[in-house]
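Nothing in this text is a laboratory measurement; each read-out follows from the coordinates by a stated rule. It should be emphasised that the depicted structure is a prediction, and the values quoted were computed from it without experimental measurement. All Cβ positions, glycine included, derive from the backbone under ideal geometry; neighbour counts span all protein chains shown.
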Amino acid sequence: MMQKFQKFGAAMFVPVLLFSFAGIVVALGSLFTNQQVLGSLANPGTTWNSIWDTISAGGWTVFKQEALLFVVGLPIGLANKSKGRAAMESVITYMTYNYFIGAILTHWGKNFGIPNFAKVQLVENSTNYGLTEIAGIKTLDTSIIGALIVAGIVIWLHNRYFDKKLPEWLGTFQGSTYVYILGFFIMIPVAVLTCWGWPKVQLGIGGIQQFIVKSGVIGVWIYNFLNRVLIPTGLHHLVYIPFQYGPAVVAGGLQPYWLQHLSQFALSTHPLKQLAPAMGFQLYGNEKVFLAPIICLAFYATAKKSKKKQTSALLIPAALTSFFAGITEPIDFTYLFAAPILWIIYSIIAATMNTVMFSLGVVGNFSGGAIDMAAENWIPLWNHHWQTFLIQFIVGIIFAIITFFIFKFMIKKFNYITPGREDDDQEVQLLNKKEYQNRKNLQSQNFDNNKTESNPYIDRAIAFLDLLGGDENIKELSSCATRLRVSVKDPEKLGTDAQFKAAKAISVVHHGKAIQVIVGLDVAQVLEAMQELRKKNQDNSSHN
């Protein structure tokens, strides 16, 4: 079950990767059309305003079509084969589902408590009585929840029936067509159930929203703690995505809500916490900017003198990646399993820091790194809300100092083997002579020399396949932002963690037969090389 949750969380991350860039574009559009910042240059009707309004409209694509992104993204992460076809099947089935809902409510809306469905005119930035428009279809606003349910059904159908052999006279209905036919008929009862149950869910979401907002600092602390401490399990995606992009707190998600109201907040002199109290659930980027880089400094301070140069070469890029881009996993997994108690302490400190900030009035879309924070908060809102950000900086620096001394003390006190403190003779050879020869043969068999030399990912791909027990030991292979996620048949055939690290993996996470190899930000390229290797191996096996 844990393995399935991890895989689901990784699949949800596929479309989420697009939101950071889109958020920056929209925030810049809001900034450069803000008359308080740019004066008459940003007045409506000016060429400057029109250009940036156009750019901002493009940035809104991701947020306005987020349900479709999850419908496409989930099959890419979860389909066992023919992922592109699975994505196509998912999209057309999801649109069919929404057409069914629109037709049902048009004809029988009064039976489901929506008697005026056909007459409702949808207005932007309005609740629209729980209705929305998806790909030109007026339907119930099920947000990403409806998208995930439909995509999940299609993925199950695809994995089970895509390869089903039909009689020759029905051959034209095989493959994607057969999956869509099944999905078509399944969507009829699903649409009916949605029309009956979702309006009730919408009422419940409104109640949950009020409860969470009123829970104050306790809710903020628990949310931030879980969002950090669950990273090793991969389940943190299931914590923040319903808040950030789904309806858990506000309709449409907190990030779109913030961007929609950014210009309004920029013009207001009221405290941000008064304007958007729910944005206390978007503070978890502060540990990426204030704490993770200072943890790197603590590692460097406690490293052996003989390894400080090597340690700094490892930590400086990781610290900069965390600070600017908000990606912390290259840091997290350098010490997570060597000193798990430090991970728990870090999660507690991070949750406490964010809760203190919230208590002192700091709210905003602080889920990414410094670039995101500047574009979506500091720059557009500085004029009227600089005091809020000053509090954020002061609290962040204080907790950074506390974190540095706690980490430094505990590393030395308990002799944790953090980066730079490994034994001098702990260098492990990746491959013995036989393994080396096998690897060279595999490389020669699958890639010509020119391609190998020009592709920096192939060596790691070959090494990881070997260390995972070979192609025949791998049941499933996918990735998220920085990790390979692998399901193996026999964990006993795996190489050692030291061998994985010697092959330039940051770390390895073991959950029975579910393995995570922490690779880094170029994991997608390494995964592609591994998949190409596996495909060539399978082709060679079939020819033999």
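Ignoring solvent entirely, what values of log10 I(q)/I(0) come out of the Debye formula for the stretch 340-424 at 0.11, 0.13, 0.21, 0.22 Å⁻¹ when each Cα is a single scatterer? Log-scaled intensity ratios, in q order: -0.41, -0.54, -0.99, -1.05. Placing pseudo-labels 7 Å out from each Cα toward the beta carbon at GLU476 and GLN538 gives an inter-label distance of 1.5 nm. With each label modelled as a point 7 angstrom along the Cα→C-beta vector, the HIS107-LYS305 pair spans 8.4 nm.
So for the stretch 231-332, what percent of the C-alpha to C-alpha distances run longer than 15 Å? The proportion of pairs with Cα distances above 15 Å equals 70 percent. Extension gain, ILE371-ILE188: 0.36 nm per intervening residue step, less the Cα-Cα distance, totals 61.4 nm. In units of the rule-of-thumb radius 2.2 N^0.38 Å, the stretch 155-305 shows an alpha carbon radius of gyration of 1.58. When the convex hull of its Cα atoms is viewed from all sides, the stretch 26-141 shows a mean projected area of 9.8 nm². Compute the whole-percent fraction of alpha carbon pairs in the stretch 65-214 spaced more than 20 Å apart. Every Cα pair in the stretch 65-214 considered, those over 20 Å come to 52 percent. Using only alpha-carbon positions in the stretch 244-414, the gyration tensor eigenvalues give semi-axes of 32, 15, 15 Å once each is multiplied by 5 and square-rooted (largest first). As a proxy for reagent exposure, ranking TRP196, TRP60 by other Cβ atoms within 10 Å from fewest up yields TRP196, TRP60.
Which whole-number percent of Cα pairs in the stretch 100-178 have a distance greater than 15 Å? Tail of the P(r) past 15 Å holds 67 percent of the pairs. Taking the number of Cβ atoms within 10 Å of each Cβ as an exposure proxy, the fewest-first ranking of PHE225, PHE464, PHE409, PHE185 is PHE185, PHE409, PHE225, PHE464. Shape index of the stretch 25-76: Rg/Rh, with Rg the Cα radius of gyration and Rh the Kirkwood radius from the inverse mean 1/r over Cα pairs, equals 1.20.
When each of VAL229, VAL120 is scored by the number of other beta-carbon atoms lying within 10 Å, the sequence from fewest to most is VAL120, VAL229. With 0.36 nm allotted per residue and the present C-alpha distance subtracted, the HIS270-LYS412 stretch has 46.4 nm of extension available.
Pairs of lysine residues in the stretch 457-537 that meet both criteria, 8 or more places apart or on different chains and Cα atoms under 17 Å apart, total 8. Bridgeable lysines around LYS214 (alpha carbons under 21 Å apart, same-chain partners fewer than 8 residues away excluded): LYS273.
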